[in-house]
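Trainee: Dropping a structure here in structure tokens format, bear with me for questions.
The values are calculated or read from the model by the stated rules, or taken from the named source; none is laboratory data. Bear in mind that the values here come from a model prediction, so they are computed numbers and not experimental data. Note that we place each Cβ from the backbone using ideal geometry, even for glycine, and neighbour counts take in every protein chain shown. With ligands, DNA and RNA removed, areas are computed over all heavy atoms of the protein, side chains included. Shrake-Rupley method; radii C 1.70, N 1.55, O 1.52, S 1.80 Å.
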Amino acid sequence: AGLARNRVLRYDGDAVEPLGAGANGDVFALVEIRGLLAVGGAFTEVYQRSGPAVKSGGLALWDEERGVWSAVPGLGEEGLTGIVITLAALGPLLFVGARFDRFSVATARFAGVAVYDAASREWAPLGAGVTGGDTNALLPVCKSGEPPSRHSGCGDAGYDLYVGGGFSAAGGADANSIARWDGTAWWPAGTFDGPVHALALHGGWVYAGGVFATASFNGGSVVAENLARWRGGRWHSVSDGVGGPVYALAGVRYDSCIYIAGAFDRVCNDGGGPKAVSCATENSPLNYRPTNSAARRCFAPGADFTGADDGSVWEPIETHDVGADAKIRAIAQFVG
């Protein structure tokens, strides 16, 4: 029974250990906040190594130092009633993208996304939230352009929260799959013709991955097969796209690369010979690189990060052995 309940584990480089006795449902999101691990998913309880269950709803906190679970305060005895899909942290702020239970007194005021302040232990909605579909990805960015502090976030500079998913409205206004919350109000951030599953910041660009073909903005649109990037109020294509869904993104500074993962067997570079209609149907080896659902695009030394033509090229990640036709849902950078 214990093994069937685990669903969340810790790997220390040598061994895999459960966190307590785990959760009673699937885990979809993990993020560190102020020394604790926030865990979200489709569960209602988490279990200590011994003793009674913790009624957490779909969001719980794991204290590695003490080896115990706790519910996130402020939502009543049942915790967060709903299914948590994605999490992001910024200093003391924990942003939660979820299918909130609209019939619960604790979560009825939340639509698609909410924020918990670990300093004040208070929850708040983000205006009228996002509606018409799921929230799949959250990306907080400091307005100053500087990296956030682990403890204080963006400080007085304030933040922007980019929200991606399959929704159709944000703050009561039309917003197809992408929107921006500035701390007080919702703003448009272009539109996509399909769902956004991942967001990442790299080199001053906001990258969006998902299942789409076109990205639009005020004054235009671009062909952007499953991957696009945003700067200066407009979306840009990333080379000639990716030949399948992109579910995960990670910007890694030390090697100046943006990493992507999903369910694709090719990535398409600029140039080459005559092009197919899409990257997914490209068959000329001059135009694409074969992959197993993971690749990276690295910037050339001294590249101009502010320009659309940055000299970057696709490289398959060929060191993982996950079998043919892999589907990768998450990637992360670990700094030891």
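Trainee: Under a Cβ-Cβ cut-off of 13 Å, what is the net charge of the residues other than V222 that fall near it, where Lys and Arg count +1 and Asp and Glu count -1?
Mentor: Once all neighbours under 13 Å are counted, the net charge is 0.
Trainee: Just to be sure I understand: with springs between alpha-carbon atoms less than 10 Å apart, which residue in D174, D156, D193 has the highest mean-square fluctuation in the Gaussian network model of the chain?
Mentor: D156
Trainee: What distance in nm lies between label points placed 7 Å from Cα along the C-beta direction at D193 and V222?
Mentor: Going from the D193 label point to the V222 one covers 1.6 nm.
Trainee: Efficiency by 1/(1 + (r/R0)^6): what FRET value for V105 and A128, r their Cβ-Cβ distance, R0 = 25 Å, to the nearest 0.05?
Mentor: After rounding, the FRET efficiency stands at 0.85.
Trainee: What ³J(HN,Hα) values, in whole Hz, does the Karplus curve 6.51 cos²θ - 1.76 cosθ + 1.60 give for region 49-55 when θ = phi - 60°, with x put for Gly and Pro?
Mentor: 4, 7, x, x, 5, 9, 6
Trainee: To continue, here is another question. So if we plug the beta-carbon distance of T281 and E77 into 1/(1 + (r/R0)^6) with R0 = 51 Å, what FRET efficiency do we get, rounded to 0.05?
Mentor: That pair, T281 with E77, gives E of 0.45.
Trainee: Right, next: Looking at V72, A29, I260, which one has the Cα that reaches farthest to the positive end of the dipole of the chain (charges on Cβ: Lys, Arg +1; Asp, Glu -1)?
Mentor: Checked the options; the winner is V72.
Trainee: Give the accessible area for D182 in Å² (nearest 10); use a 1.4 Å probe, count only protein heavy atoms, and leave out ligands, DNA and RNA.
Mentor: Looks like 30 Å² after rounding.
Trainee: Run the numbers for A185 and A213: contour at 0.36 nm per residue of separation, minus the present Cα-Cα distance, in nm.
Mentor: Answer, rounded to one decimal: 7.3 nm.
Trainee: With the Cα gyration tensor of region 207-295 giving a ≥ b ≥ c as the square roots of its eigenvalues, does the rule (a/c under 1.5 for rounded; else a/b larger than b/c for prolate; else oblate) give rounded, prolate or oblate?
Mentor: oblate
Trainee: At 1.4 Å probe size, with every protein chain present, just tell me what the per residue accessible area of the chain comes to in Å².
Mentor: Values: 15910 Å² over 336 residues.
About 47 Å² of surface per residue is accessible.
Trainee: Would you grab the residues whose amide H sits under 5 Å from the one on D193? Only those 5+ places off in sequence or on another chain, please, with H modelled 1.01 Å from N.
Mentor: Residues meeting the amide H criterion: A213, T214.
Trainee: Okay, next question. Given H placed on each backbone N at 1.01 Å, which residues far from T107 in sequence or on other chains put an amide H within less than 5 Å of it?
Mentor: none
Trainee: Going by amide H atoms built from the backbone, whose H comes under 5 Å of the H on F167, apart from near neighbours?
Mentor: D134, S177
Trainee: Now for a separate question. Specify which residue in the list G58, A89, P140 is farthest towards the positive end of the charge dipole of the chain, using unit charges on the beta carbon of Lys, Arg (+1) and Asp, Glu (-1), about the Cα centre.
Mentor: Comparing the listed Cα positions along the dipole, G58 ranks first.
Trainee: Looking only at region 228-268, which residues have a backbone nitrogen under 17 Å from a spot 7 Å from the Cα of K327 in the C-beta direction?
Mentor: 243-249, 261-266
Trainee: How much of the accessible area of the chain, probe 1.4 Å, is carbon plus sulfur, in whole percent?
Mentor: Ligands and nucleic acids excluded, carbon and sulfur give 51 percent.
Trainee: Now a separate question. Hey, got the dipole for region 223-294? About the Cα centre, +1 on K and R Cβ, -1 on D and E Cβ, debye to the nearest 20?
Mentor: Once rounded to the nearest 20, the dipole reads 240 debye.
Trainee: Once a ≥ b ≥ c are taken as the square roots of the eigenvalues of the Cα gyration tensor of the chain, is the result rounded (a/c under 1.5), prolate (a/b larger than b/c) or oblate (a/b not larger than b/c)?
Mentor: Judged from the Cα gyration tensor, the chain comes out prolate (a/c at least 1.5, a/b above b/c).
Trainee: What is the spin-label model distance, in nm, from E32 to V16 if the labels are put 7 Å beyond Cα along the C-beta direction?
Mentor: 2.1 nm
Trainee: If you don't mind, another one. First check a/c for region 97-205, with a ≥ b ≥ c the square roots of the eigenvalues of its C-alpha gyration tensor; if it is under 1.5, answer rounded, and if not, answer prolate when a/b is larger than b/c or oblate otherwise. Working shown, then result.
Mentor: Values: a/c = 1.97, a/b = 1.13, b/c = 1.74.
Note, shape of region 97-205 comes out oblate.
Trainee: Need the full-extension length gain, R121 to E64, defined as separation in residues times 0.36 nm minus the C-alpha distance. One decimal, nm.
Mentor: Taking R121 through E64 to full extension adds about 18.5 nm, to one decimal.
Trainee: Where nothing but the Cβ of Lys and Arg (+1) and of Asp and Glu (-1) is charged, how large is the charge dipole of region 1-112 around its Cα centre, in debye to the nearest 20?
Mentor: Values: 10 positive and 12 negative charges, 71 e Å.
Dipole size: approximately 340 debye.
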